[in-house]
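**Q** Before I ask anything, let me first share the structure, which is written out below as structure tokens.
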Amino acid sequence: MCERDTIAALASGAGRAGIGVVRVSGPDALALGRRLTGRTLAPRRAHFVRFRDGDGQVLDDGLAIAFPGPASFTGEDVVELHGHGNPVLLQALLDRLYALGARPARPGEFSERAFLAGRLDLAQAEAVADLVAAGSLAAARAARRSLDGVFSRQVHELLDALVAVRVEVEAGIDFPEEELELLAGGALAGRLYAARRRLAALLAAARHGQRLRDGQVVVLAGRPNAGKSSLLNRLAGSERAIVTPVPGTTRDVLREEIRLGEVGLTLVDTAGLREPGDAIEAEGVRRARAELARADHVLQVCDAADPASVPDAGLAPALAGDAGLTVVLNKIDLLAADARAAALARAAAGGGTVLAVSAQTGEGIDALIVHLARLAGATGAGEGAFSARARHVEALQRTAARLDDAYRHLVDEQAFELCAEALRLAHLALGEITGAHTPDDLLGAIFSSFCIGK
Ligand SMILES: Nc1nc2c(ncn2[C@@H]2O[C@H](COP(=O)(O)OP(=O)(O)OP(=O)(O)O)[C@@H](O)[C@H]2O)c(=O)[nH]1
Ligand SMILES: [Mg+2]
């Protein structure tokens, strides 16, 4: 590996805190630690030291820990300096390190070095960033599992299976006709099919992981006065949105992050959908439609007591576009039992999930919360769920498409050369996840999205 320079950056958060951590990595890290503290740092021991600037003045005191490579996060010599969490002091510490020859680390450069040294694969390095960014316990746990290699291991097993099939197909190209047919219809096809099924399972798990990582955006939409803002307030547990009996109260888009046990999602309140009365409302409706177009899921809120508001079968898909849709019959408290049944039946004619609630009394809200938690990825979040990114899901989808090609070439056409080529492309696509075949510019883009000090 090429000789690298030594980098330094703040590894803890910006702002004041009890402690702030500066991380140094590279060939001069140990020497820099010695210069700054006046002590030779024994490996993996916490030393209580004074940090001194260029003219010997004490900047701060704190802990210094040396992690000699290769058994360090980056695989290089690493020194961690734990000082008081004052941004001015920590910057002075960094300036001293820069004066001694270190340079400021780029965003994600520590993780990038860990990846380049083979300490982590790409999916694991991404999991470091995801673990730091996780907004819920379930997302953090999932990122932790990816960092532990749960996702990567499954990718590697699948890569091994693909290699085995590739070897057989490449060898098969030289076989006589009859044997080819035998291979195409027999064990080889079976193994290819098995690999495709495993890939489908991995894709489903990765989608789930992406949902946990990115969080779902759930948009509340419907006619004016249906109770969208009341519902947001009820779910958020505070009076976030303005509620009045006047239809057309909400004009702007309001976002609220809510926690549902270990998972979280973003709720979006929007203006009621109708022919707008004025320019402000028109803009509100335009924004509502823009949110609908971006939503992962739509809650279509209806006023159960207003027959015109209860959705007809045709409306729901148009409202939700590609997103999933749940019909929420609100104001159920206004209806007697038989009228409720009739309203539910009418709403259910659309075919989707219908939940009856009252934002005012709280009736039915628990069931809605369970439903939302499921949308946010709560099911299965406890057992083995790992975090994944859109990049991973996309690579798995491409792998699946190439495997489908390979299967068709093999079984339907007995075209071994084409099958071999499709398998090669599948192999490449799958390898992108762990960084086995990831182009440099993509690597650059991935690591630069991390924050500094990671
Ligand atoms: N009885 C009853 N009234 C409700 C319920 N939910 C909301 N309301 C009332 O319905 C009216 C409209 O509520 P909002 O939450 O402002 O409705 P909205 O859908 O946000 O309305 P716009 O912002 O105008 O589109 C208010 O007077 C609420 O108090 C409910 O479950 N039961
Ligand atoms: Mg409103």
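The values are calculated or read from the model by the stated rules, or taken from the named source; none is laboratory data. These numbers were taken from a predicted model, which means no experiment stands behind them. We place every Cβ from the backbone using ideal geometry, glycine too, and count neighbours over all the protein chains shown.
**Q** Condition first: under 34 Å from the mean Cα position of the chain (by Cα) and either within 16 Å of ligand 1 (Cβ to nearest atom) or surrounded by 14 or more Cβ atoms within 10 Å (Cβ to Cβ) (or both). Can you find one or more residues in region 181-191 that meet it? Let's see the steps before the verdict.
**A** Quick first cut of region 181-191, residues under 34 Å from the mean Cα position of the chain (by Cα) only: 190-191.
Still in the running and either within 16 Å of ligand 1 (Cβ to nearest atom) or surrounded by 14 or more Cβ atoms within 10 Å (Cβ to Cβ) (or both): 191.
Taking every residue of region 181-191 in turn, at least one turns out to be under 34 Å from the mean Cα position of the chain (by Cα) and either within 16 Å of ligand 1 (Cβ to nearest atom) or surrounded by 14 or more Cβ atoms within 10 Å (Cβ to Cβ) (or both).
**Q** Need at least 1 residues that are acidic (Asp, Glu) per element, so show me which strands (runs of 3 or more DSSP E) inside region 180-283 make the cut, counting only ones lying wholly within it. Outline the logic, then answer.
**A** Values: elements: 216-222, 254-260, 263-269.
Result: 254-260, 263-269.
**Q** Related question: Which is within 12 Å of ligand 1 (Cβ to nearest atom) and closer than 30 Å to Gly209 by Cβ, of Leu273, Leu254, Leu265, Leu260?
**A** Working: Leu273 fails: closer than 30 Å to Gly209 by Cβ; Leu265 fails: within 12 Å of ligand 1 (Cβ to nearest atom); Leu260 fails: within 12 Å of ligand 1 (Cβ to nearest atom).
Going through Leu273, Leu254, Leu265, Leu260 in turn, just one is within 12 Å of ligand 1 (Cβ to nearest atom) and closer than 30 Å to Gly209 by Cβ: Leu254.
**Q** Shifting gears a bit: Restricting to region 198-242, name every residue that is acidic (Asp, Glu) and over 23 Å from the mean Cα position of the chain (by Cα). Show your work before the answer.
**A** Residues of region 198-242 that are acidic (Asp, Glu), as a first pass: 214, 239.
Passing the criteria: only Glu239.
**Q** Would you call Ala236 without any contact (Cβ under 8 Å) to a residue 60 or more places away in the chain and more than 8 Å from ligand 1 (Cβ to nearest atom)?
**A** Numbers: without any contact (Cβ under 8 Å) to a residue 60 or more places away in the chain: yes; more than 8 Å from ligand 1 (Cβ to nearest atom): yes.
It is true that Ala236 is without any contact (Cβ under 8 Å) to a residue 60 or more places away in the chain and more than 8 Å from ligand 1 (Cβ to nearest atom).
**Q** While we're on this one: Keeping to region 254-276, report how many residues are more than 10 Å from ligand 2 (Cβ to nearest atom) and more than 24 Å from the chain's Cα centre (by Cα). Spell out the reasoning first.
**A** Quick first cut of region 254-276, residues more than 10 Å from ligand 2 (Cβ to nearest atom) only: 255-268, 273-276.
So of that shortlist, the ones also more than 24 Å from the chain's Cα centre (by Cα) come out as 273-276.
Final tally of qualifying residues: 4.
**Q** OK, next. Of the residues that sit in region 135-175 and are over 15 Å from Glu421 (Cα atoms) and among the basic types (Lys, Arg), which one is surrounded by the fewest Cβ atoms within 10 Å (Cβ to Cβ)?
**A** Taking the candidates together, the pick is Arg153.
**Q** Could you tell me which numbered condition Gln300 fails, if it satisfies all but one of (1) under 28 Å from Leu344 (Cβ atoms); (2) at pLDDT below 95; (3) within 13 Å of ligand 2 (Cβ to nearest atom); (4) within 27 Å of the chain's Cα centre (by Cα)?
**A** (3)
**Q** Could you grab me the full set of residues in region 239-253 that are of a type outside the set (A, V, I, L, M, F, W, C), under 25 Å from Ala376 (Cβ atoms) and more than 8 Å from ligand 2 (Cβ to nearest atom)? Steps first, please.
**A** From region 239-253, those of a type outside the set (A, V, I, L, M, F, W, C) are 239-240, 244-245, 247-252; that's our starting set.
When the remaining residues are screened for being under 25 Å from Ala376 (Cβ atoms), the result is 239-240, 250, 252.
Within region 239-253, Glu239, Arg240, Asp252 qualify.
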